[in-house]
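Down below is the structure, laid out as structure tokens.
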Amino acid sequence: MNLPFAESYKIKVVESIKRSTQEQRLGWIKDAKYNLFNLRSEQVFIDLLTDSGTGAMSQNQWAEIMMGDESYAGASSYYKLKDAIKEILGFDHFLPTHQGRAAENVLFSVLVKEGNLIPGNSQFDTTKGHIEFRKASSCDCTIDEAFETTNLNPFKGDVDLNKLEKVMKENPAEKIPFIIMTVTCNSSGGQPVSMANLRAVYSLAQKYNKMVIFDSARFAENAYFIKLREEGYKDKSIKEIVKEMYQYADAMTMSSKKDAIVNIGGFIAMKDENLFKQASVFNIIYEGFITYGGMAGRDMAALAQGLHEGTEFDYLETRIKQVAYLGQKLVDYGIPIQHPFGGHAIFVDAKKFLPKVPKEEFAAQTLGIELYKEAGVRGVEIGTLLADRDPVTRKNRYPDLELLRLAIPRRTYTNNHMDVVAAGLINVFDRRNSITSGYRILSEAPIMRHFTVELEKI
Ligand SMILES: *Cc1c(COP(=O)(O)O)cnc(C)c1O
């Protein structure tokens, strides 16, 4: 008999979670104005809202917490992080920030001007938010296959080079400050970008004299997929692949709450010293002095350790196989999900799951609410609420995909929990024909409305 796969760690510390009754959940979600972000964590049994900052740190990371150096300037923890960034990602210069969007804020304060256009693959919501807040806009050049949920293209995070070159040709050079590549591509379903595409985008960028910036939250999962799926990388280590990926970037922003497996933190790294100096000014204003940038010394130390652990094959294999375990259960029951399975999450295709709910009534949000009511499982809408309104016309933007994301925290839940998630979704699937209407908006914020939106049942 072949030995089955098992996790590459054992558990040392646990946290209790509580089941609830369906009746309790009906009341809680109503009080939360049908916004899953408004629920208290005790009202959730299995929390798949996000994999951001929700992972479990290792014993070595906790040891680093104890050894954190809290000196205002020049802390040894800062240098530990600087060394890890140089060793793993290859950048000489870096600035710590309190999380990924803060990195965007600092870097874009230098680089993004009113009227700019920033192409790349599908940009993450905070990235888009920081661009649009500066009266600039983003341009999604992702390959068309990314928007067909059943297409099995192994690298759905790739940019369509023709689309990208068209944007470069049709716009004045000064309008485009840089290109952003998001690895893995969160908004199109945690889908990886191939090394070949990263290489080609970089060479196109050089032709037009543009910088390439990697939005790097899930860079290690991206490297894992390159190893498994791209010709020529099977025998390379994750760390070797990561090193090569970053040869094709001039700078990066990082949310350390994902693949670096810490609860808070981020950074910017860059090759150009001049850019570092310009960004340092904004870092000091917005985040903190350049050797802590909004992070405690202990958090920088744990982050340095997390970068090492997050780029180990055994850890990544455990993680991504758990995501696939959940995905396969849903596929086996015929539930429509995004293929291939993403790195950090399973994305349920809500348009196909609930075809009777019109797009104006937020099908993915409706599905998220149903799953919560059914099983106490919290996912998140990646659809019309998230897509927000067009900043100019103020009309709702209807994205091609209406998805419910089930994001799996790192090293946190077991496959028994995944079984509960699957059973909950299966129960909703069995009664999908009785779900014919969704929700309407009672109130919403002018930007990034999904976090605070209040809804009512139609
Ligand atoms: C999470 C994330 C961000 C923002 O980072 P925060 O730490 O949440 O501020 C930016 N880009 C991508 C791709 C992300 O996944």
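Quick notes on this one:
- Label-reachable residues, segment 53-92, where backbone N falls under 15 Å from a point 7 Å from residue 247's Cα toward its Cβ: 89-91
- Selected from 226, 256, 269, residue furthest toward positive end of dipole (segment 214-270; charges at beta carbon): 256
- Expressed as a whole percent, the proportion of Cα-Cα pairs in segment 324-402 lying more than 16 Å apart is 55%.
- Distance cut-off 21 Å, percentage of C-alpha pairs in segment 71-154 lying past it: 51
- Label positions at residue 24 and residue 416, each projected 7 Å from the Cα along the C-beta direction, are separated by 1.8 nm.
- Residue-count net charge about residue 79 - beta-carbon cut-off 15 Å; Lys, Arg +1, Asp, Glu -1: -3
- Peptides ranked, highest mean first, by Cβ atoms within 10 Å: ranges 219-226, 293-300, 394-401: 219-226, 293-300, 394-401
- Projected-area average for the chain over all orientations - Cα convex hull basis, square nanometres: 21.7
- Amide hydrogen proximity for residue 337: with H placed 1.01 Å from N in the peptide plane, the residues at 5 or more positions away or on another chain lying under 5 Å are 349.
- Binned Cα-Cα distances of segment 59-310, short to long, each 5 Å bin given as a whole percent: 1, 7, 14, 19, 20, 17, 12, 7, 3, 1, 0
- Helical runs (DSSP H, four residues minimum) scored at -39500 (n - 2.57) apiece and divided by the length of the chain put the mean residue ellipticity at 222 nm at -12000 deg cm²/dmol.
- Relative contact order of the chain, defined on C-alpha pairs under 8 angstrom at six or more residues apart (%): 23
- In units of the rule-of-thumb radius 2.2 N^0.38 Å, segment 194-309 shows an alpha carbon radius of gyration of 1.15.
- Rh by Kirkwood over Cα pairs, then Stokes-Einstein D for segment 1-46 at 0.692 mPa s and 37 °C, µm²/s: 242
- Cut-off 20 Å (backbone N to label point 7 Å along Cα→Cβ of residue 173), residues of segment 192-235: 201-213
- Remark: relative contact order (segment 59-310) = 32 percent; criterion is Cα-Cα distance under 8 angstrom and separation of 6 or more residues.
- Residue 114-residue 447 FRET efficiency (beta carbon distance; Förster radius 25 Å; 0.05 resolution): 0.95
- Taking amide H positions as modeled 1.01 Å from N, with prolines and chain starts lacking one, the residues under 5 Å from residue 142 and 5 or more places away or on another chain are 122, 160.
- The modelled label-to-label distance for the pair residue 208/residue 400, using points 7 Å beyond Cα in the direction of Cβ, is 1.9 nm.
Read-outs: derived from the displayed coordinates by stated rules, not from any lab. Quick caveat: nothing in here was measured; it's all calculated off a predicted structure. Because the Cβ atoms are built from the backbone with ideal geometry, glycine has one as well, and the counts that use them run over all protein chains shown.
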